[in-house]
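One structure is given below, encoded as structure tokens.
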Amino acid sequence: MPREEFQHELDEIEALLQDAGRLCGHSLELVLAALASGDEDKAQEVIAGDDEVDSIYLRIESAVESLLALQAPVAVDLRLVLAMIHINLHLERIGDQCVNIAKLGLLLPNEPLAQGLMNDFSTMGEQARAMIGEAMRSFGARDLTGAEALLAMDQVINHTNHGLSRRILAMPHNEKSVEIGLRAILIARCMERIGDNAVDIGEQTAYLVTAQFREFTDASRTASA
């Protein structure tokens, strides 16, 4: 494969990744609106829309497989291909988490959520959406500083998630509130995982830029308070 054609293939795969990132951001925006309004049609739109994310995922997998077989890239080209494989998987997982939120929202009682819970969902969801955007922007720009900034952005989600758990524990306990509380914890967990996947995309950008893979956080160590 001539170098020009190889570079064109790389560019096309990267463009597909950016498309997937935009779709994930839109799905998260839509599912937040569904939670806020109780709109079942919006929730179903998120669930159905995941097929497009999955389709892009499979197209990228196939294209990368062909590149590896025909071109055997090395050095920075190989790092880019490997990074794109991982980023593709993280975006597919983000799409799945949006679907999980939509399905959990459909199981909530058909009445407005407590304002405190909705505020927490809004804070976590909007921050997660911003993180998806920044993760894909910094990858496209090969911006190491932007990629590393995702870790600090993620702390907003983690802090809000802890507060949401305390809020639920303080709720009056009855059968209905327990059901809402359990589903709210699961929804918050999905949002937290979206943030984690965005951080993981940032780690892939750092690997691409520096040629060294490192985790932005070390799960084996206790985080500082």
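Scoring F216 on the criteria (1) touching a residue at least 40 places away in the same chain (Cβ under 8 Å); (2) surrounded by fewer than 15 Cβ atoms within 10 Å (Cβ to Cβ) leaves a single failure, condition (2). Residues that are over 23 Å from V99 (Cα atoms) and not in a helix (DSSP H, G or I): does the stretch 49-72 have at least one? Yes; the residues of the stretch 49-72 include at least one that is over 23 Å from V99 (Cα atoms) and not in a helix (DSSP H, G or I).
Just to be sure I understand, how many residues within the stretch 62-77 are acidic (D, E) and surrounded by 16 or more Cβ atoms within 10 Å (Cβ to Cβ)?
Of all residues in the stretch 62-77, those acidic (D, E) come to 65, 77.
Narrowing further to those that are surrounded by 16 or more Cβ atoms within 10 Å (Cβ to Cβ): 77.
Number satisfying all stated conditions: 1.
Once the stretch 107-129 is narrowed to residues that are surrounded by fewer than 17 Cβ atoms within 10 Å (Cβ to Cβ) and modelled with pLDDT of 95 or more, the residue that is farthest from the chain's Cα centre (by Cα) is S122. Between L80, L104, L70, the distinction of being out of contact with any strand residue (DSSP E or B) (no Cβ under 8 Å at 6 or more places or on another chain) and either under 30 Å from G163 (Cβ atoms) or free of Cβ contacts under 8 Å to residues at least 12 places away in the same chain (or both) belongs to L104 only.
Residue by residue, here is whether (1) in contact (Cβ under 8 Å) with a residue 12 or more places away in the chain; (2) closer than 26 Å to V178 by Cα; (3) out of contact with any Lys or Arg (no Cβ under 7 Å at 6 or more places or on another chain); (4) not in a loop (DSSP other than H, G, I, E, B) holds:
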residue: T123; (1), (2), (3), (4): yes, yes, yes, yes
residue: M131; (1), (2), (3), (4): yes, no, yes, yes
residue: A147; (1), (2), (3), (4): yes, no, yes, yes
residue: A152; (1), (2), (3), (4): no, no, yes, yes
residue: H159; (1), (2), (3), (4): no, yes, yes, yes
residue: G163; (1), (2), (3), (4): yes, yes, yes, yes
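Within the option set D54, D50, being in contact with a Ser or Thr (Cβ under 8 Å, 6 or more places away or on another chain) and charged (D, E, K, R) holds for one residue only, D50.
The values are calculated or read from the model by the stated rules, or taken from the named source; none is laboratory data. Note that this is a predicted model, so its numbers are computed, not measured. Cβ atoms come from the backbone with ideal geometry, glycine included; neighbour counts cover every protein chain shown.
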